[in-house]
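The structure under discussion appears below in the form of C-alpha cells.
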Amino acid sequence: MSAHKNKSDSGQENVTVVLTPRRVARNRLKPKRYDEFLDTSPSKRRIQPSENYSSEEEFVIDTPAPKPKALFGGDDVEGQDMFKFKSRHTKLDLHNKVQEAVSNSPVLNSPMKTPRVVLQRLSKVEATPRQVVNIMKKRIIQEIESDSSETDFSGSSSEYAPDDSESDSGSNAGSPEEDSNSKPIPKTAFIRNKNVRVKTKDCEYIVAPDNYFMMNSSKTIATSDHTLARLKTTDLNKAIKDIDIGISKEHSKKIAELNKNYDTLFDKWLHILSENFNLILYGIGSKRDVLHRFQARMLQASPCIVINGFYPSLTVKSVLETIIVSLLGNTHVPSDVSDIVSVIDTQLSDSATDLFLLIHNIDGPMLRNGKAQSMLASLSALKNVHTIATIDHINAPLLWDHTKLMKYNFTWWDVTTLLPYTTETSFENSLMSQRSGALQLSSLKNVYQSLTTNAKGIFNTIIEYQLENHKQPHYQGLAYKDLYSRSREQFLVSYDLALRAQLTEFIDHKLVKIKRTVDGTERLIIPIESALLQQFLEQQNEQ
Amino acid sequence: MISTNNLQDEEMDPSVSMSKGVFLFPNGFKKTHKSKKHKNKSVFDIYFGSEEWLITFRHNWNLFEEQLKNLHEKSYSVLLHDVVNYLKICHNDSEMNSIEGVIPSATLLTGVNQPDHVEQFMSLINLIREEVTPHVAMINSQDGSTVKHLVENAVWQLIRGVDLVESDEDICDDIVDTSRKLKKSTCTMKTLRNWYRSRYSNESPRKMRQRQSLIVIIPDFESFNCNTLQDFVMIISSYVSTLPIVLVFGVATSVSALHKSFPYQVSSKLLIKVFHSHPSHVYMNQVLENIFLTHTSPFHLSGKAFELLTDVFLFYDFSVTGFVQSIKYCMMEHYYGDNIKSLCCDRNKLDNAVMKLSADDLESIRQLTSFKPFLEVQDCLTTIALFKDNDFFKEVLIKELHKLHDYIYSFYVCVRLLSVFLKELPKNILGKTVREVYAKCATEHITSTEGFKECMQLLKFQSQAKLVDTIKNAHKVVSSALQMSSPVKPLRLTPMKNNLNNSSLNNELGEAFIKNIRLYLMMFLRQIEVASNEDTTETMNCESDEAYDNVHGNRYKLKEKLLKATRAEKLESKFEMIRSRFVSSMEEIFSKGLQPPHTQTFHEILFFTEVANVKKQIIGSPRGALHMALNNPVHYLKCCCCNLPSPDSLSDKLPDVSLAYKLHRECGKHINLYDWLQAFASVLNPDCDEENRSHDVNIQVRFTRAVAELQFLGFIKTSKRKTDHVMRLTW
C-alpha cells in the first residue's frame, strides 16, 4: 500500500518505501491540502462566475489561482519560522538544545547547520538595511566560514540534525561528549534520507489535520516527573521587584536608544490621529512608557483617559462612567449602547473637544469579550474620540471582526521596547511565584497568627494528620469524628459545637475544605500542597 | 540607567493603582458650554497650524470624499430604487394583504464586506424617508441582544423618527408631548399601536387606504441571535393586521441563511422578496476607474503601492471602505511634513503653488532622484542656472510639472485604451480590468514585456467584426477623455505656449497625442470596415471548399490541402494587411504613452512611491514582530553581543525572555517547569553542577520573570494535568 502511494509522490519519496505507511499517508496528504486551500481562495471564486460554463474548464487550467503580489516582501518574518509545525517532541529536545548552546561558543559556527538556513539568512541580511554595517560584515565572514565548514563536514551535516529524529537523539543525546565533537561518521543512505525528509516536513506550516490529532492523541504527558518542590522555596516576590537583574549594561543602553527612537514618531502619530485614524502599538516589551511620554508631550492640552486593560477587575462600565459622568458631567450612564455613543458624540462635538483614549492592553483579560470590544470600537469610530491602544497577546488580533476593525480604523505600529512588563504582570498570578507558594504561605501565616491557641492546636492536628497520611493512594482527609476525639484528648475542645464553630472559621478563610464521602462521613482537607505545609510547620516550630 | 528612571516614573505615575483601572486627565476641560462661544483651537491645529502641505492634503481629500459620495449614490441608486418601489406597493397591494398575519419583507443580499454596508443602508433610509414613509427604524445587532431591547429600539425609533423629519411642520401639540415624554422602557408594541391609531385614525377614509407603512431595517442579519429574531417576527406578525409593518433584512451570505435560522412556523409568516446588490469588487473597480485612476485625481499611486492595496482588498477584507481608508493613509504619508508636496494639487493651482515655495523647498526638490537624469541632458549653462537661479528653476519646474501632467493624462488614456483591447482577448495575460492593467503599466515598461507582445500577437488574430467593435469602444474612451479635459484647455495652454519650442511637439504627450490617437482610430476604423467586405467573401469560399473536401478525404489529400492552405495564407487579404498595420501602430502608441511613471522627471511629487513605509502600518504583523524580537533580538537591539550564528541557536547573552522562548519551542505540548528552569540555568551557568545552579535565587527570579512574560504574551498557560507543568499554546 505504501509503495503504491509513493509512486504518485516525488522521486525522493521512492527511496523511503521502508517507512511506516501511516507517515507516508500523512506526507502525501499535505500538498493536496495546500492545493485545495488555494483553490478555494476567495478571489478565485470571485472570478469564476463571469466565465460561462463551457469555457470554465479551460479557464481553470489556464490560470493558476491568483496569488498576492505585494503582500509578502523580503523583510517579513517567514511564516514557517513562526508557525513551524513540529509533530514529535521528545524529552531530550530541550537537553540537546542546551548542550548545543553550551558546547559551542556562539561565534564559532557549528557544522550542523543545513544549507537552507544559510540561504535564508543570506536573504534576510540583504533585506534588512537597518543592520549596522559591522554586524553585516561579521555575518558575512561567518557565512563564509560556515560555507567552508559545510563542505568539509558534508557527511555530518545532514546526519546530525539537532531537533528532530527521535531515534537518533534517543541513543546519543544523553552523553554530552558525543554531542560536542560531532564526529563525521558516514551513515547509511537510509538514515540520511530520513533526516532530509524530516526536515522538509518540519518546514510545512500549512497544518494538516492529521498532525494536529497526532499531537493531541497521546493521553500521557511525555515529560519528566520533576517538580519544583525540588527547589528550596525562597521568597521570590521580594527579589522580583528588582528590575536590573539579568539585563546587561550593553542591553540597557541599547534599549534606551531604541525607546528614544520612538519619540520621533510622536508628531506623526498626532497627525494620523487628527485624520480619524487610530493607533495600535504592538511588539514585545512594555509600551506604557512610550504612551506616557506621548501623553506628557503632546496631549497636555486636551482631556485624556488612561485605561489599564491589564487591570484584573476593569469593566467597560467604569470606562463609560469616567467619560460620561466624570468628564462630561452627566448624572448617569444610559443603558443602551447606541444611546451612550450618541450622547458622547453630541456632547463632545458640541464643545468641540477631542478626547483621547489611551488603552494599555486593549487585549486585557477583562476586555476580551465581544461587548467590550464593540463598545470601544464604536467609541473609537467617533470623530472626536481618538484611541491609542497597545496589544501584547499573540492572539490579540482575533478579537476583532471586519466590522470592529473598520470602526477602529487602526494603523499598526511596531513599537518593540523590550522593557520588562513590570506593571502589567504585577497583577497576574505568575506561574512561578504562585508555585513557590510564598503568597500562600504568608497568607496562611497571617490567618494562623490571629487564631486562638486552641484553634491553632486544632489546625495543627489537621496538618499533622494530613502530612502523615497524604501519601495514601486515596487520601480523603481527616474524618470529623477523628478530629473531635483527638481534639478532646488534647483538651482543645470540650463539646462538638465548639469544634464546629472553630471549623467554620477555618472554612471561611479557606484554610480547610469539608468533603462528604460516599459513606456519609465528613472529611477535612487542607487545600495546600504538603511541601508547603511541611515548611509552614517547620517555621512554626522554630518560633 | 533606564531602570532607575523607570522606578521613579513608577513612583510618580498616577495611572497605576491596585484599585482602579481607568484614570481621567481632564487637562483643563470644563463642562461649561462657554467653550462654544470662544472657539478654542483643537490640539491638532496647535501642532500643525496651517502648513501648505496640510492645506493641500485636506483640500484634495475632501474632493475625493465628495466624489466618492456621488459615485456611491449613483452606483447604488438602481438597487435602492427597486427596494423602495417594493416597499411602496407592498402594503397597498390587495393580493399581498390577503393572507392573515404575513409580513412583507425585503431581503438585501449585500455580500461579505459588511463595513461598506453602513453607507448603503444610510442612503436607503434617506430614500425611504423621502419617498415612502417617515417611520423607519434601523436596529443593529448590538442594540438587539434580547427581544425586549429589540422591540424597544424599534418602536422608539419608529415613533421618534417622525420628529426628526417633521420637526418644522406644525404637529398637534399633544402628539409632540407624547413623543417627548416617551421613555424607552415604555416602548412596547402596544404603545406603537395606540400611537399609530391616534395618529392616523383621524384621517379621512380615503387616506386611510394609503396609510404610511412602518419599516424596520435589520442590517446585519447574521450577527443577531436567531431566537430573538424569531420571537420578534412572531410578535410582529400578530400585529401586522393593524400595523403595516415591513421588514428589511440585510444578509451578508445567502438567502439560505434566512431559511436556516427561521423554522417553518416563522418563515411562513414572512413574504420574502430578494434583492441582489453588486459584489464589492465591482464597486471597487468603479471607485478606482472613476475617482483614483483618472488624470484629474491630484494624487497617484505607484504600481507597487497600488498592488499592495488591491492585494489587501482581494485577500483580506473585500471592503471598499477599508480600501479607501488605505488610500487615505497613503496620501497622508505622501503629504506629511513635506512642503514640496503642496505641488501635488490640481493643475490649475500649480503655478500658484510653485510661487509659494520657499528656497529650502526648492532645494529639496533639487535633491529628488528623478531630477538627476533631467540634469544630465541639459547643457552646462542651464545646469548652473538651475542651481543658482531660483526664479529660473521655478519656471523650469512649472514647465516640467505641466509636462508631467500631460504625461499622466495620456498615460491614463492609454491604460484605458489597452484595457479595452485586452477585454476582448482570450486568456488573462495582463488582466482585463483597468486596475490590473494600471498595476502592470505603472511598475514596468509594459511594451517590452512578454505578456504585452503575446497580447499584440493575439490582437492580430482577431476577426473583423470584433476588431471593429473594439475600435469603436476605444474611440469612445478616447473621445470621452478628450471631452473631459476640454474645458480646462484654454486655461492651461496659455502658459505652455510661451515655453514651448516647436521642435519638441513631436514628443509631446498630452492632448495633442490623444487627438492623434483618435485620428488613427478613426482612420483604421474606416479602412477596416471597407476592407471587410472582400475579405469575408474570400474566407467564405475557402470554408465551403474545405467542407467539400472533407467528405472524401484520405491522408494524402489532406496533406496536400494543408500545404495549399499554408501557401494560400501567405497571400494576405487587404483586411489582414490593415490589421497588422493597425496593431503595429497601436504598439507604437502604447510604447510612447505607457512609459512607467518612474521614468518621468519629478514623478516623486505626484506619485506615491514609498510603499515600504506604509505597508507595516496598513497590514501590521504583531506576531511577526514578537517572533522577531524573541528569536533574533539583534534586529531590534542592534547590540554586538547577541549575534547568533543561526536563528535557532542560543547564547547566554540573550535577554531572558528570548532565552526562555527559544527553550520552550523545543518542548511539546506540556512543559515541565523544573526541567525548563534547569535548561535555563544551565545555559546561563554551564559550569555549575546540576544540583546547585538552579538554586541560585538570581536565576530563579530571572526565570520567573521570563515565564511570567511569556504567559502574559499568551505563549503558555497553567495546566492542571500534572504538577508544575505549563501548557504550550502554540505549535
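Miscellaneous remarks
- Averaged over B:723-730, number of beta-carbon atoms from partner chains that fall within 10 Å: 4
- Once the chain from B:Glu100 to B:Lys273 is taken as fully extended at 0.36 nm per residue, the excess over their C-alpha distance is 60.5 nm.
- On the beta carbon distance between B:Lys349 and B:Glu222, with R0 = 35 Å, the FRET formula returns roughly 0.15.
- Inter-chain Cβ neighbour average for residues B:671-684, partner chain, 10 Å: 5
- Nearest-0.05 FRET efficiency for A:Thr331 and A:Glu538, computed from C-beta distance (R0 60 Å): 0.55
- As a ratio to 2.2 N^0.38 Å, the alpha-carbon radius of gyration for the stretch B:331-429 is 1.39.
- The mean of 1/r over all pairs of different alpha-carbon atoms in the stretch B:622-728, once inverted, gives a Kirkwood hydrodynamic radius of 14.3 Å.
- Cβ crowding within 10 Å averaged over residues, with B:118-128, B:650-660 ranked highest first: B:650-660, B:118-128
- Rg and Dmax of the stretch A:341-424, Cα atoms only, in Å: 13.9, 42
- B:Thr730-B:Asn290 pseudo-label distance in nm [points 7 Å out on the Cα-to-Cβ vector]: 4.6 nm
- Largest-first ellipsoid semi-axes for the stretch B:563-678, taking √(5λ) over the Cα gyration tensor eigenvalues, angstrom: 63, 24, 13
- Additional length obtainable on full extension of the chain from B:Asn85 to B:Asn27, 0.36 nm per residue less Cα span: 15.6 nm
- Taking label points 7 Å from Cα along the Cα-to-Cβ direction, A:Asp508 and B:Asp687 give a separation of 5.8 nm.
- Packing-based exposure ordering (other Cβ within 10 Å, fewest first) of A:Met82, B:Met628: A:Met82, B:Met628
- Cα gyration tensor shape of the stretch A:437-542, rounded if a/c is under 1.5, else prolate or oblate by comparing a/b with b/c: oblate
- When each of B:Lys423/B:Lys460; A:Lys268/B:Lys341; A:Lys260/B:Lys341 is checked by Cα-Cα distance, pairs over 18 Å: A:Lys260/B:Lys341
- Of the residues B:Cys441, B:Cys688, the one with the fewest other Cβ atoms within 10 Å heads the list, and the complete ranking is B:Cys688, B:Cys441.
- R0 of 35 Å, Cβ-Cβ distance A:Val518-A:Ser224: FRET efficiency to nearest 0.05: 0.50
- P(r) tail fraction, the stretch B:259-369 - alpha-carbon pairs more than 17 Å apart, %: 69 percent
- Kirkwood Rh (inverse of mean 1/r, distinct Cα pairs), the stretch A:252-426, angstrom: 16.5 Å
- Counting neighbouring beta carbons within 10 Å and listing from fewest to most, the residues B:Val530, A:Val447 come out as B:Val530, A:Val447.
- Modelled spin-label separation between B:Cys380 and B:Tyr264, with each label point placed 7 Å from Cα along the Cα-to-Cβ direction: 9.8 nm.
- Listed peptides A:407-414, B:411-418 appear in the order B:411-418, A:407-414 once ranked by packing, highest mean of other Cβ atoms within 10 Å at the front.
- 20 Å Cα-Cα threshold exceeded, pairs from A:Lys69/B:Lys74; B:Lys69/B:Lys349; A:Lys69/B:Lys432; B:Lys304/B:Lys616: A:Lys69/B:Lys74; B:Lys69/B:Lys349
- Per-residue shielding of B:405-414, expressed as the average number of other chain Cβ atoms within 10 Å of the residue Cβ, stands at 0.
Values quoted throughout were computed directly from the atomic coordinates according to the rules given, and no laboratory measurement underlies them. Because the structure is a prediction, the values reported are computed rather than measured. For neighbour counting, all protein chains shown are included, and Cβ atoms are generated from backbone atoms with ideal geometry for every residue, glycine included.
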